[in-house]
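Peer 1: Before anything else, here's the structure in question.
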Amino acid sequence: MSEAFTTRVLNVSSGSSERVVDLTRDCEAFLREAAAGRDGLLNVFVPHATAGVAIIETGAGSDEDLLAALHTLLPADDRWQHRHGSPGHGRDHVLPALVPPHATLPVVNGALQLGTWQSVCLVDTNMAKDNRQVRLSFLG
């Protein structure tokens with residue numbers, strides 16, 4: 001793998017409840033090493049069929065609002081064709097269509113270019129799976 005492309009896998013414990021997990025510090029730590037002051041792109045990818053990546057404000061209630069909105073859009077009931085696992089688990093498989101499993105973000109001088117209140121977050125509604133992998137890749 002060349003110096004222009006570096007990748008690392010994070011193991012994230014998302015617990016046994018629906019969660020929005022802030023990954024911003026992990027992304028910044030990765031970029032300090034991988035970008036080494038260069039410009040480029042950070043790709044954040046969750047290789048799971050029931051999780052996504054969101055750029056959202058955290059800590060002021062927006063993360064809870066996102067989970068509430070997902071409950072409204074994707075209720076955990078028996079309407080879903082995909083029926084294995086816990087009741088309503090089919091909705092977890094629809095989540096990546098609304099909260100995609102990836103985000104690509106600009107990096108300038110080795111620093112992630114987020115807005116003032118933006119954070120990079122894992123969105124996990126699958127309560128049956130408490131460990132997730134997140135692949136961070138820097139191209140620069």
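The values are calculated or read from the model by the stated rules, or taken from the named source; none is laboratory data. Given the structure is predicted, the values throughout are model-derived calculations rather than measurements. Here Cβ is always computed from backbone atoms with ideal geometry, including for glycine, and neighbour counts include all displayed protein chains. These accessible areas exclude ligands, DNA and RNA; they are computed on the full protein's heavy atoms, side chains included. Shrake-Rupley method; radii C 1.70, N 1.55, O 1.52, S 1.80 Å.
Peer 1: Look at the range 1-47 and say how many of its residues are assigned to a loop (DSSP other than H, G, I, E, B) and among the aliphatic types (A, V, I, L, M). Step through it out loud before you land on a result.
Peer 2: So in the range 1-47, the residues assigned to a loop (DSSP other than H, G, I, E, B) come out as 1-4, 14-18, 23, 35-39, 46-47.
Those still in the list that are among the aliphatic types (A, V, I, L, M) too: 1, 4, 23, 35-36, 46.
Qualifying residue count, the range 1-47: 6.
Peer 1: Hey, another quick one. Taking the range 15-49, which residues are under 22 Å from ARG91 (Cα atoms) and over 11 Å from the mean Cα position of the chain (by Cα)?
Peer 2: GLY15, SER16, SER17, GLU18, ALA49 - these are the residues of the range 15-49 that are under 22 Å from ARG91 (Cα atoms) and over 11 Å from the mean Cα position of the chain (by Cα).
Peer 1: Taking the condition of being open to solvent by less than 40 Å² (accessible area, probe 1.4 Å) and more than 30 Å from ASP77 (Cβ to Cβ), how many residues in the range 93-116 meet it? Walk me through how you get there before you give the answer.
Peer 2: Initially, the range 93-116 is screened for residues open to solvent by less than 40 Å² (accessible area, probe 1.4 Å), giving 95-96, 99, 101, 103, 105, 107, 110, 112, 115.
If we keep only those that are more than 30 Å from ASP77 (Cβ to Cβ) too, we end up with 105, 107, 110, 112, 115.
So the answer is 5.
Peer 1: Across the range 51-64, which residue is least open to solvent (accessible area, probe 1.4 Å) among those that are at pLDDT 95 or above and of a type in the set (Val, Ile, Thr)?
Peer 2: Ranking the qualifying residues of the range 51-64, first place goes to VAL53.
Peer 1: Still on this structure: Look at GLY37 and say whether it is closer than 25 Å to PHE5 by Cα, out of contact with any Phe, Trp or Tyr (no Cβ under 7 Å at 6 or more places or on another chain) and surrounded by 14 or more Cβ atoms within 10 Å (Cβ to Cβ).
Peer 2: So GLY37 does not fit the description; no.
Peer 1: I'd like to check which strands (runs of 3 or more DSSP E) are fully inside the range 73-140 and have at least 1 residues that are more than 27 Å from GLU3 (Cβ to Cβ) and modelled with pLDDT of 90 or more.
Peer 2: Numbers: elements: 102-108, 119-124, 131-139.
Result: 119-124, 131-139.
Peer 1: Would you be able to say whether some residue in the range 20-33 is more than 21 Å from GLN118 (Cα to Cα) and open to solvent by less than 30 Å² (accessible area, probe 1.4 Å)? Before you say what the answer is, go through the steps one by one.
Peer 2: Filtering the range 20-33 down to residues more than 21 Å from GLN118 (Cα to Cα) leaves 33.
Narrowing the set further to residues that are open to solvent by less than 30 Å² (accessible area, probe 1.4 Å) leaves none.
No: zero hits.
Peer 1: Return the pair list, or none, for Cβ contacts closer than 7 Å from residues in the range 3-28 that are more than 16 Å from ALA54 (Cβ to Cβ) and of a type outside the set (A, V, I, L, M) to residues that are open to solvent by 60 Å² or more (accessible area, probe 1.4 Å) and at pLDDT 95 or above, at least 6 apart or on different chains.
Peer 2: Filtered contacts from the range 3-28: PHE5/LEU139; THR7/ARG135; ASN11/GLN133.
Peer 1: Moving on to the next point. Taking the range 59-72, which residues are among the aliphatic types (A, V, I, L, M), over 25 Å from SER137 (Cβ atoms) and assigned to a helix (DSSP H, G or I)? Step through it out loud before you land on a result.
Peer 2: Initially, the range 59-72 is screened for residues among the aliphatic types (A, V, I, L, M), giving 60, 66-70.
If we keep only those that are over 25 Å from SER137 (Cβ atoms) as well, we get 60, 67-70.
Result: LEU67, ALA68, ALA69, LEU70.
Peer 1: Name the single residue, out of those in the range 65-79 being open to solvent by less than 70 Å² (accessible area, probe 1.4 Å) and in contact with an Asp or Glu (Cβ under 9 Å, 6 or more places away or on another chain), that is farthest from VAL123 (Cα to Cα). Show your work before the answer.
Peer 2: Looking only at the range 65-79, we keep the residues that are open to solvent by less than 70 Å² (accessible area, probe 1.4 Å), and these are 66-70, 74-77.
Remaining after also requiring in contact with an Asp or Glu (Cβ under 9 Å, 6 or more places away or on another chain): 67, 70, 74, 76.
Values: LEU67: 8, LEU70: 10, LEU74: 14, ALA76: 16 Å.
Once the filter is applied, the top-ranked residue is ALA76.
Peer 1: Of all residues in the range 7-19, how many are open to solvent by 70 Å² or more (accessible area, probe 1.4 Å) and at pLDDT 95 or above?
Peer 2: 2
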